[in-house]
1. Just checking, how many residues over region 50-70 are charged (D, E, K, R) and surrounded by 11 or more Cβ atoms within 10 Å (Cβ to Cβ)?
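The values are calculated or read from the model by the stated rules, or taken from the named source; none is laboratory data. None of these values were measured; they are calculated from a predicted model. Quick reminder, even Gly has a Cβ in these numbers, built from the backbone with ideal geometry, and neighbours come from all protein chains shown.
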Amino acid sequence: MSKANPAPMNLPPRFATRGAATPSVTSIDQPPPEQTSEASGQRIAVTVRMDRDTYVRLKTMGARIGKKNQDILLDCLRDKLDAYERANT
């Protein structure tokens, strides 16, 4: 058997060759996207990690008062932020 070179495969490249890729960011001086308020209908996602006991208490409270976790947490956070602002102004 002869050891001929395999025929080249003419497939489109999956990735740009080294040095040929264009940068995904044109400038690092661009301002961050504007954060919008709830009034505009857009929200920013935040992950909250908590211990199991706190989570069970939150879920139990939500079931008893008929509110979602997010609504309970937002109410509590707003109350805490309001109290902080009153105490520090």
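1. 3
Residues are listed down the side, and each one gets a yes or a no for (1) surrounded by 10 or more Cβ atoms within 10 Å (Cβ to Cβ); (2) modelled with pLDDT of 95 or more; (3) within 22 Å of the chain's Cα centre (by Cα):
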| position | (1), (2), (3) |
| --- | --- |
| P32 | no, no, yes |
| V48 | yes, no, yes |
| I72 | yes, yes, yes |
| T89 | no, no, no |
